[in-house]
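Taken together, the values in this text are just the output of simple stated rules run on the coordinates, not laboratory data. Worth saying up front: this structure is predicted, and the values here are computed from it rather than measured. Don't worry about glycine lacking a Cβ; one is built from the backbone with ideal geometry, like all the others, and counts go over all protein chains shown.
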Amino acid sequence: MLHNTRETYGLVAQVLHWATAALILVLLPLGVFMYDLPDSSSAEVAYKAWFYSLHKTLGVTVFTVAVLRVIWAVIQPHPRPLHADRKLESLAAQTVHWTLYGAIICMPLTGWLHHSASEGFAPIWWPLPQDLPLVPKDPQLAMALGVSHYFTALLLGGALVLHIGGALKHVVIDKDDTLRRMIPGAGQTGMAGLSEPHFKRLPVFLAALAFVILGAASLNDYVKHAQDGGRTQTALAPAEATGWLVDREKSRIAIEVVQMGNPVAGGFDNWSAAITFDPDKLDAGSVEVEVDVASITLGGVAEQARGPNFLNAAMHPVARFVSESFASTGENTYEARGQLTLAGRGQPLTLPFTLRIEDGRAFVEAEVTLERLAFGIGEKGFSGEDQLGFGVKVKVTLEAEKAPAS
């Protein structure tokens, strides 16, 4: 029998139930296991990325199976409970069922959305689709979806414990056929004359309420960690007393790295620039830029980038570029030559840039590629390019207005 009846489940529902259960019982412990894997070397990152890819691929698979299961559950009759007279027990069982239906959809979906909004690290394996349409690559969106995925996994885990506990109660204490109705080929007796459940809409309402609470908890956690990127900002030198006042709303320091062969874009949220520059008086020009390296955004690997093997934000919280001289290289093109100190190491740097001045406002575009090993970034464990490319592209977009005369 493929279809459900009012007395028992059909083969389709049984197969979808156990396939979903098997995938979830693999995914939940796998998620905990892979999260704590070390990532301090290229080999460790490759090992960790493999498990992340496995987790994501299984997640997309369980999402597909779960959607089919929920659709089948909606269009098929639901077997009547064996003990409809036990109103509270029946209410709890139905509520847990609806919560499970929601969670087995939302947990893999939020994970897939999080992957789609993130850049780099652990692809979903072919032939499953890599990203969802209309989901932009955005670190803040990825953070919000990651928080939702975590809390949905907690809700699913709790509902799963209650569901398994209820099934065991029917086997050990009640000794009835509730569980047997979900086992393919198992015969059932005494199913005639079962009563309809007392509650119809209340279990759906209670399950929906659980998801409202879940959403509120996710939003609260996201807001808490999103303020200042979840970090205390480093105090940087003010720039008010210089020749140009930077418009921070229209300026950006962006970076791009290549991880596992894929470009990953990011930038720095907290930085300051003190600029004195006149194209007709290059000898009098000066630039000092300070960057709070802990304010980095970099796809799904920003936390690793702040760590001791890379930027080492705890020991060296500020990166600093100080100009020593300027040179004109063509019409509206220049070079700033100076010293860049990053991750505790100083190196000479020539920064080419274009400058356009209109109505007292300056528009600057600069781009340079840094060799990360020159600053000891990834020197231990990432001395090759198999996991992390040697070059780090830095692009500066800056808009400033002329400071009023003293």
Worksheet item: For the chain, what relative contact order do you get, as a whole percent, if you take Cα pairs closer than 8 Å and at least 6 residues apart?
Response: 14 percent
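Just subtract the alpha-carbon distance of L154 and K224 from 0.36 nm times their residue separation and send over the number in nm, one decimal.
Contour length minus Cα-Cα distance gives 23.3 nm.
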Worksheet item: Say a paramagnetic label sat at a point 7 Å from the Cα of L128, along Cα to Cβ; which residues of the stretch 45-63 have their backbone N under 20 Å from it?
Response: 46-63
Worksheet item: Loop-only check: which trypsin sites (Lys or Arg not before Pro) in the stretch 335-396 are DSSP coil with at most 16 other Cβ within 10 angstrom?
Response: K380
Discussion item. Distance between the C-alpha centers of the stretch 1-41 and the stretch 62-76? Whole Å please.
Written reply: 12 Å
Discussion item. Which one, I253, A217, Q339, is farthest towards the positive end of the dipole of the chain when Lys and Arg carry +1 and Asp and Glu -1 on their Cβ?
Written reply: A217
Worksheet entry | Estimated [θ] at 222 nm from DSSP helical runs (n ≥ 4, -39500 (n - 2.57)) normalised by residues in the chain, nearest 500 | -13000 deg cm²/dmol
Item to complete: Name the residue farthest towards the positive end of the dipole of the chain from the options S272, V147, I377, assuming +1 on Cβ of Lys and Arg, -1 on Cβ of Asp and Glu, about the Cα centre.
Response: V147
Worksheet entry | Dipole magnitude of the stretch 1-132, debye to nearest 20 (Cβ charges: Lys/Arg +1, Asp/Glu -1, about Cα centre) | 500 debye
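At a Förster distance of 45 Å, what's the computed FRET efficiency of L209 paired with L179, Cβ-Cβ distance as r, to 0.05?
For R0 = 45 Å, the calculated efficiency reads 0.95.
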Discussion item. Rounded to the nearest 20 debye, what is the charge dipole size of the stretch 69-132 about its Cα centre when +1 sits on each Lys and Arg Cβ and -1 on each Asp and Glu Cβ?
Written reply: 340 debye
Practice prompt. Would you be so kind as to identify which of L109, L68, A92 lies farthest towards the positive end of the dipole of the chain, taking Lys and Arg as +1 and Asp and Glu as -1 on Cβ and the Cα centre as origin?
Written response: A92
Worksheet item: Using unit Cβ charges (K, R positive; D, E negative) and no other charged atoms, how large, in debye to the nearest 20, is the dipole of the chain about its Cα centre?
Response: 2060 debye
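Order of W72, W126 from fewest to most other C-beta atoms within 10 Å?
In order of increasing Cβ crowding within 10 Å: W126, W72.
Suppose R0 equals 41 Å; then what is the FRET efficiency for A374 and K137 from their Cβ-Cβ distance, rounded to the nearest 0.05? Numbers along the way, then the final one.
Values: r = 28 Å, r/R0 = 0.69.
The pair A374/K137 has a calculated efficiency of 0.90.
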Worksheet item: Which of (i) 24.1, 84; (ii) 20.4, 65; (iii) 28.8, 97 is the computed Rg and Dmax of the Cα atoms in Å for the structure on display?
Response: (iii)
